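Student: Sharing a structure here in structure tokens format.
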Amino acid sequence: MHGRFPILYIAEADAEEAVLSSGTLAHLVEAIPHATFTVVGSPASAPLFADTPRLERLIVLDRDGRWDWIALWNQVRETNWGLVVDLRGSTLSGKLRRQKRAVKGKVLPDVHLVEQAARVLQLDEIPAPKLFVGRDTQEAADALVPSGKGPILAIGPGVDWIGKRWPADRYAKVALSLLGEDGPLAGGRLMIVGEEADRDAAHSIRFAVKRERVIELQGRLTRLQTLAALSRADFYIGGDSLWTQLAVAAGVPAVGVFGPSDEVLRRPWTGVAVRGPRSLQEFVDLDPRLNQHIQHMMDLPYERVLKASRKLLAQLVD
């Protein structure tokens, strides 16, 4: 009989990056059945880990200032940790009593973030992103996903910057083709996910199919509940965003539309990234800090995304 093995897991503050690394925590949950977990995250990332099995504490680090870290130190210093996993690369983790410590270093420019997270634990096999969903969370999501026939195509058009936003009418054209009579998802339903603020980005997408075949979830679910809803989908298309990484963590094959984004680091781990004719460097040459109010994604035609989606769907059937 194993004794208790306490693990402290310090997740990234950025929710999308925390999802990309989440396979490391899932690996520990499954590989060490006698481990208990204390997870530290930001207001954005911590709630994603609320349903982790054997979770003893979920600590929210509101800000990233010195006094905030001191307050965290006071909450975790009394424990003799079996393992400390620090994905923020903080100095705090080096001062704690522990048997082992695994710390994330500087981001490597040419290695996917999922693989970089696996390297923190020196894993031979790279675990895919995975977040755990409890029964209450799944039931809350399922209540907004009515039962019905046919596959579900999920789309997440919302992004955190206009430069990464692909036009809604192009998402709509892809959805119309995939869900149409001759499409690989013929007769299926359309699920749209995101924040309340993403409703405008999805305006024309909802008209791709008849109203009774649309499941609109923007602003109606928490992010973890959104992942639970996405687990009911069969295929996903979205931008370089949290929603795309949530779909990946839900185990859904995904197509990511990329422009001024680094697909080497962030492409969907269980899918493909599609970009237009310009490389990331060409976007950087135009917009060095990648923060200007420019619609960079206008040169990615819907046909290219549709072709990639059909190809991936065909591979899934094979």
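Readers should treat all values here as calculations from the given coordinates under stated rules, not as data from a laboratory. All values reported here derive from a predicted model rather than from experimental measurement. Quick reminder, even Gly has a Cβ in these numbers, built from the backbone with ideal geometry, and neighbours come from all protein chains shown.
Student: (1) under 19 Å from the mean Cα position of the chain (by Cα); (2) closer than 12 Å to Leu8 by Cβ: which one isn't true of Thr52, the others all being true?
Tutor: (2)
Student: Something else: Can you say whether Ser147 is assigned to a loop (DSSP other than H, G, I, E, B) and surrounded by fewer than 23 Cβ atoms within 10 Å (Cβ to Cβ), as far as the supplied structure shows?
Tutor: Numbers: assigned to a loop (DSSP other than H, G, I, E, B): yes; surrounded by fewer than 23 Cβ atoms within 10 Å (Cβ to Cβ): yes.
Considered against the rule, which asks whether it is assigned to a loop (DSSP other than H, G, I, E, B) and surrounded by fewer than 23 Cβ atoms within 10 Å (Cβ to Cβ), Ser147 comes out as yes.
Student: Take the residues in segment 290-310 that are without any contact (Cβ under 8 Å) to a residue 40 or more places away in the chain and more than 16 Å from Asp240 (Cβ to Cβ); name whichever of them is farthest from the chain's Cα centre (by Cα).
Tutor: Glu303
Student: Pick from segment 184-234 the residues that are among the polar types (S, T, N, Q) and crowded, with 21+ Cβ neighbours inside 10 Å: which of them is farthest from Gln245 (Cα to Cα)? Even if it seems obvious, please write down each step before you answer.
Tutor: Of segment 184-234, the ones among the polar types (S, T, N, Q) are 204, 218, 222, 225-226, 231.
Now restrict to residues that are crowded, with 21+ Cβ neighbours inside 10 Å: 218, 225-226.
Details: Gln218: 16, Gln225: 14, Thr226: 11 Å.
Restricting to residues being among the polar types (S, T, N, Q) and crowded, with 21+ Cβ neighbours inside 10 Å, the top hit is Gln218.
Student: Still on this structure, I have one more. Are any residues in segment 22-46 part of a strand (DSSP E or B) and more than 21 Å from Leu113 (Cα to Cα), and if so, which ones? Spell out how you get there, then give the answer.
Tutor: Of segment 22-46, the ones part of a strand (DSSP E or B) are 35-41.
Selection gives Ala35, Thr36, Phe37, Thr38.
Student: Go through (1) touching a Gly at 6+ places or on another chain (Cβ under 8 Å); (2) buried (at least 19 other Cβ atoms within 10 Å of the Cβ); (3) in a loop (DSSP other than H, G, I, E, B) and name the single condition Leu131 misses.
Tutor: Result: Leu131 fails condition (1) only.
Student: On to the next question. If you scan segment 150-178, which residues turn out to be small (Gly, Ala, Ser) and either free of Cβ contacts under 8 Å to residues at least 24 places away in the same chain or more than 20 Å from Arg223 (Cβ to Cβ) (or both)? Walk me through it before giving the result.
Tutor: Start the filter on segment 150-178 by keeping residues that are small (Gly, Ala, Ser), which leaves 150, 154, 156, 158, 163, 168, 172, 175, 177.
Answer for segment 150-178, where residues must be small (Gly, Ala, Ser) and either free of Cβ contacts under 8 Å to residues at least 24 places away in the same chain or more than 20 Å from Arg223 (Cβ to Cβ) (or both): Gly150, Gly163, Ala168, Ala172, Ala175, Ser177.
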